[in-house]
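A.B. asks: Just dropping this structure here.
The values are calculated or read from the model by the stated rules, or taken from the named source; none is laboratory data. Remember, predicted model here, so these are calculated numbers, not experimental data. Using ideal geometry, Cβ is built from the backbone for each residue, glycine included, and neighbour counts are taken over all protein chains shown.
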Amino acid sequence: MSLSGERHALRKFTDRAFSASCVLATIIALVPLFGILYYVAARGIQGINLDFFTQLPKPVGETGGGMANAIVGTLKLVGLASVMGIPPGVLAGVYLAEFGQTRTGSVVRFSADVLSGIPSITVGIFVYSLVVLASKTFSAFAGALALAVIMLPTVTRTTEELLRLVPESLREAALGLGVPKWRATLRVMLRTAAPGIAVGIMLAVARVAGETAPLLFTAFSNRFWSDSWNEPTASLPVQIYTYAVSPFEDWHRQAWAAALVLVSLVLILNIAARVLVRNRVKK
Amino acid sequence: MASQPQSLVRSRPKWLKPFGSEVNWGDAIFRALTLLFGLCVVAILGGMALQMLKASRLSLQAFGLGFITSNAWNPIQDQFGALPFIFGTVVSSLLALSLAVPISLGIAVFLTELCPAWLKNPVAFLIELLAAVPSVVYGLWGIFALAPWMREVVEPALASTLGFLPLFQGPSQGFGMLTGAVILAIMITPTISAVCREVLNAVPGALREGSYALGATRWETLRTVILPFARSGLVGASILGLGRALGETMAITMVIGNRPEISSSLFAPSYTMASVIANEFTEATGDLYLSALSEIGFLLFVVTLILNIIARALVWRVARLPEGGRL
């Protein structure tokens, strides 16, 4: 009896220890998150001022200046990448959801999954040899193309998954009214799934907004305004990198400020996506 | 069509035809159009492989297999060997994996088995946020917060306790293999734990309940029932994380020290494949130099491609197990 009691106590102890270690693992993983958010907020605030948003970078050694061109550059890059990446991604997702139960469908789905796991820096090399070598200049267009390639598989798979969630009865009702399949898909299925897809797209946009590696040798960087899509273009992530590894105190300050802007952007997109999803679930 | 009463046909819009009466060109075009964009995804993947192979042709011809076994990296004399970078990438990624897998598994178990319902979504969201923070911000934090902490606290502590191992000898520098691995581990944890969660959720509830009904504790249920069922998926999740770690660029470039040396000490600076591309690609003068960097990228591409294929296959296996898994 006492033996079984001891065994019971041991089993109970093991179970407690196991549960505690799982809780501990979760806490350990969250420490860096709060560490980063704290650092970015505390140091970033010190670097933020009006100049940061309105001035061009100063030459090496001079303090002051800002990152106006990089902020605009990031918006330009992400905007063009969205234009190039979202419509093809949505259509490819429609293909997978509507006609994807074939062998071709599996190949497309598989390629999308694999493509989303490819390191972003190799996408940079790909676009470099495809666009930059051909046009002989780093350009905003090349950078946006690299970001679009990174977005494409995410948008595709999100669209497919959300279209699959739309009840089949809606489609049947539309087809029953004599609507052709393509109109039923576009006007009924896609429209019903649209808010969810929009959330998925927001997350994809948030992800590419912070991408640095593929921009290093596609969009490159620029100390001045870039007037056309065919010139090297500054962007916040590349600017953070350049400033962070530099030896200048004032550049470090600006790197933190830029990080604050970038992280705020990403966080806002993520939280907004979260809120939108929750509101939909509540309805 | 002919069988329809004339009046009814006239009252319909033109595009509306009786169901199944003839080929609907709208549908055919729509299908072809979406297929085109679907194939776009395949074409990009294939085009990437071809383009990168083409870009690394010079280097492949010049060095052959010697490229991955030589550690001579001397751009001035056009000598290129990728061994130090392969070493740095493999060691930092495996080290990161060994740190991240237990933590991720703990998170996944916590979220699927232990966590009260009200806490589940907030915690899962915070873990996801960890994946949303841009790589370059990790790097910035790594330079100014993590590396000094590693230099002043973690590395001296390791040296004084485990210093008899060659792994933990040498000066504490902060910027080196260990710091790189830690930052990689933080970055791949959300990926691994998300896939682990998915896999654990795919384990049929009846198995779990059966085990509890027999009087097993949570730990016993996990060890004897859930883990065996989910094993291949959990391995797949780890491989997916490994793929992420291998290709991660900015954060590790900023903290690993960027010195192409193979050292037995984890405190020493190292260099990874992705880092050397990031640092030297735009400065590469000469076609052979550029080609050698492209070949490193190509190797990275091929390895992550293979790892992703294996990982997807393993994860799919758990999710696809027949309903016969239920009693």
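A.B. asks: Mind checking which pairs have a first residue in the stretch B:206-231 that is in contact (Cβ under 8 Å) with a residue 60 or more places away in the chain and more than 20 Å from A:Ser4 (Cβ to Cβ) and a second that is of a type in the set (Lys, Arg) and outside any helix (DSSP H, G or I), Cβ under 8 Å, 6 or more apart or different chains?
C.D. replies: Hits for this filter: B:Ala206/B:Arg326; B:Leu207/B:Arg326.
A.B. asks: Provide a single number: the residues in the stretch B:279-291 that are crowded, with 21+ Cβ neighbours inside 10 Å and either farther than 23 Å from B:Met254 by Cα or modelled with pLDDT of 95 or more (or both).
C.D. replies: Matching residues across the stretch B:279-291 total 1.
A.B. asks: Something else: List the number of the failed condition for A:Pro247; all other conditions in (1) in contact (Cβ under 8 Å) with a residue 12 or more places away in the chain; (2) more than 20 Å from A:Thr158 (Cβ to Cβ); (3) more than 9 Å from chain B (Cβ to nearest Cβ) hold.
C.D. replies: Only one criterion is unmet by A:Pro247, namely (1).
A.B. asks: Only one of these is within 12 Å of chain B (Cβ to nearest Cβ) and part of a loop (DSSP other than H, G, I, E, B): A:Phe110, A:Phe138, A:Phe126. Name it. Break it down stepwise before answering.
C.D. replies: On the way: A:Phe110 fails: part of a loop (DSSP other than H, G, I, E, B); A:Phe126 fails: part of a loop (DSSP other than H, G, I, E, B).
One residue alone meets the criteria, A:Phe138.
A.B. asks: Would you call A:Asn279 at pLDDT below 90 and either of a type in the set (Val, Ile, Thr) or under 22 Å from A:Val149 (Cα atoms) (or both)? Before the answer, list the steps.
C.D. replies: On the way: at pLDDT below 90: yes; either of a type in the set (Val, Ile, Thr) or under 22 Å from A:Val149 (Cα atoms) (or both): no.
It is false that A:Asn279 is at pLDDT below 90 and either of a type in the set (Val, Ile, Thr) or under 22 Å from A:Val149 (Cα atoms) (or both).
A.B. asks: Given the criterion at pLDDT 90 or above and buried (at least 17 other Cβ atoms within 10 Å of the Cβ), identify the matching residue among B:Ala245, B:Ala213. First the steps, then the outcome.
C.D. replies: Numbers: B:Ala213 fails: buried (at least 17 other Cβ atoms within 10 Å of the Cβ).
One residue alone meets the criteria, B:Ala245.
A.B. asks: For residues that are assigned to a helix (DSSP H, G or I) and among the polar types (S, T, N, Q), scanning just the stretch B:161-206, find the one that is farthest from the chain's Cα centre (by Cα).
C.D. replies: So the first thing to find is which residues in the stretch B:161-206 are assigned to a helix (DSSP H, G or I), and the list is B:161-162, B:166-168, B:177-201, B:205-206.
From what's left, among the polar types (S, T, N, Q): B:161, B:179, B:189, B:191, B:193, B:201.
Numbers: B:Thr161: 33, B:Thr179: 19, B:Thr189: 10, B:Thr191: 7, B:Ser193: 12, B:Asn201: 21 Å.
Going through the qualifying residues, I end up with B:Thr161.
A.B. asks: Let me ask something else. Do you know which of the residues in the stretch A:98-146 that are within 25 Å of the chain's Cα centre (by Cα) and aromatic (Phe, Trp, Tyr) is nearest to A:Leu186 (Cα to Cα)?
C.D. replies: Filtering the stretch A:98-146 for residues that are within 25 Å of the chain's Cα centre (by Cα) and aromatic (Phe, Trp, Tyr), the one nearest to A:Leu186 (Cα to Cα) comes out as A:Phe110.
A.B. asks: With the condition kept exactly as written, say whether any residue in the stretch A:47-55 is within 12 Å of chain B (Cβ to nearest Cβ) and over 18 Å from B:Ala100 (Cα atoms).
C.D. replies: The initial filter retains those residues of the stretch A:47-55 that are within 12 Å of chain B (Cβ to nearest Cβ), namely A:47.
Now drop any that are not over 18 Å from B:Ala100 (Cα atoms), which leaves A:47.
Yes, there is a match, as at least one residue in the stretch A:47-55 is within 12 Å of chain B (Cβ to nearest Cβ) and over 18 Å from B:Ala100 (Cα atoms).
A.B. asks: When you scan the stretch A:34-42, do you find a residue that is exposed (fewer than 14 other Cβ atoms within 10 Å of the Cβ) and hydrophobic (A, V, I, L, M, F, W, C), even just one?
C.D. replies: Yes; the residues of the stretch A:34-42 include at least one that is exposed (fewer than 14 other Cβ atoms within 10 Å of the Cβ) and hydrophobic (A, V, I, L, M, F, W, C).
A.B. asks: Something else about it: Give B:Phe67, B:Phe110, B:Phe125 a once-over and let me know the one that is more than 16 Å from the chain's Cα centre (by Cα) and closer than 29 Å to A:Leu216 by Cα. Give the derivation first.
C.D. replies: Details: B:Phe110 fails: closer than 29 Å to A:Leu216 by Cα; B:Phe125 fails: closer than 29 Å to A:Leu216 by Cα.
Testing whether each residue is more than 16 Å from the chain's Cα centre (by Cα) and closer than 29 Å to A:Leu216 by Cα leaves just B:Phe67.
A.B. asks: A further question on this structure: Within the stretch A:84-107, take every residue that is of a type in the set (Ser, Thr, Tyr) and under 17 Å from A:Arg164 (Cβ atoms) and give me the one that is nearest to the other protein chains (Cβ to nearest Cβ). Before you say what the answer is, go through the steps one by one.
C.D. replies: As a first pass, look at the stretch A:84-107 and keep what is of a type in the set (Ser, Thr, Tyr): A:95, A:102, A:104, A:106.
This time we only want the ones that are under 17 Å from A:Arg164 (Cβ atoms), so: A:95, A:102, A:106.
On the way: A:Tyr95: 4, A:Thr102: 10, A:Ser106: 11 Å.
It comes out as A:Tyr95.
A.B. asks: Further, regarding this structure: Criterion first (at pLDDT below 90 and away from chain A (no Cβ under 13 Å)) does B:Glu261 satisfy it? Don't jump to the end; show me each part of the working.
C.D. replies: On the way: at pLDDT below 90: yes; away from chain A (no Cβ under 13 Å): yes.
Considered against the rule, which asks whether it is at pLDDT below 90 and away from chain A (no Cβ under 13 Å), B:Glu261 comes out as yes.
A.B. asks: Right, here's the next one. Does the stretch B:10-18 contain any residue that is at pLDDT below 90, more than 7 Å from every other protein chain (Cβ to nearest Cβ) and part of a helix (DSSP H, G or I)?
C.D. replies: yes
A.B. asks: For A:Gly61, work out the one condition from (1) modelled with pLDDT under 95; (2) in contact with a helix residue (DSSP H, G or I) (Cβ under 7 Å, 6 or more places away or on another chain) it doesn't fulfil.
C.D. replies: Answer for A:Gly61: the failing condition is (2).
A.B. asks: Got a number for residues in the stretch A:210-241 being part of a loop (DSSP other than H, G, I, E, B) and either surrounded by fewer than 24 Cβ atoms within 10 Å (Cβ to Cβ) or within 8 Å of chain B (Cβ to nearest Cβ) (or both)?
C.D. replies: Quick first cut of the stretch A:210-241, residues part of a loop (DSSP other than H, G, I, E, B) only: A:210-212, A:216-235.
If we keep only those that are either surrounded by fewer than 24 Cβ atoms within 10 Å (Cβ to Cβ) or within 8 Å of chain B (Cβ to nearest Cβ) (or both) too, we end up with A:210-212, A:216-217, A:220-232.
Of the residues in that region, 18 qualify.
A.B. asks: Against the conditions (1) of a type outside the set (Gly, Ala, Ser); (2) outside any helix (DSSP H, G or I); (3) touching a Phe, Trp or Tyr at 6+ places or on another chain (Cβ under 8 Å), where does A:Gln101 fall short? Just the number, please.
C.D. replies: Among (1) of a type outside the set (Gly, Ala, Ser); (2) outside any helix (DSSP H, G or I); (3) touching a Phe, Trp or Tyr at 6+ places or on another chain (Cβ under 8 Å), A:Gln101 violates only (3).
A.B. asks: Within the stretch B:272-284, does at least one residue satisfy the condition of being polar (S, T, N, Q), within 10 Å of chain A (Cβ to nearest Cβ) and assigned to a loop (DSSP other than H, G, I, E, B)?
C.D. replies: First, the residues of the stretch B:272-284 that are polar (S, T, N, Q): B:272, B:275, B:279, B:282.
Filter once more, so that each one left must be within 10 Å of chain A (Cβ to nearest Cβ): B:275, B:279, B:282.
Imposing the further condition that a residue be assigned to a loop (DSSP other than H, G, I, E, B) reduces the set to B:282.
Yes - at least one qualifying residue is present in the stretch B:272-284.
A.B. asks: What are the residues in the stretch A:60-83 that are of a type outside the set (Gly, Ala, Ser), surrounded by fewer than 18 Cβ atoms within 10 Å (Cβ to Cβ) and assigned to a helix (DSSP H, G or I), if any?
C.D. replies: Answer for the stretch A:60-83, where residues must be of a type outside the set (Gly, Ala, Ser), surrounded by fewer than 18 Cβ atoms within 10 Å (Cβ to Cβ) and assigned to a helix (DSSP H, G or I): A:Val72, A:Leu75, A:Val83.
A.B. asks: Next question. Restricting to the stretch B:107-160, name every residue that is facing another protein chain (nearest Cβ under 8 Å), in a helix (DSSP H, G or I), without any contact (Cβ under 8 Å) to a residue 60 or more places away in the chain and buried (at least 23 other Cβ atoms within 10 Å of the Cβ).
C.D. replies: Selection gives B:Phe110, B:Val137, B:Trp141.
A.B. asks: Conditions first: (1) assigned to a helix (DSSP H, G or I); (2) within 26 Å of A:Ser120 (Cα to Cα); (3) in contact (Cβ under 8 Å) with a residue 24 or more places away in the chain. B:Glu261 passes all but one, so which condition is the exception?
C.D. replies: It is condition (1) that B:Glu261 fails.
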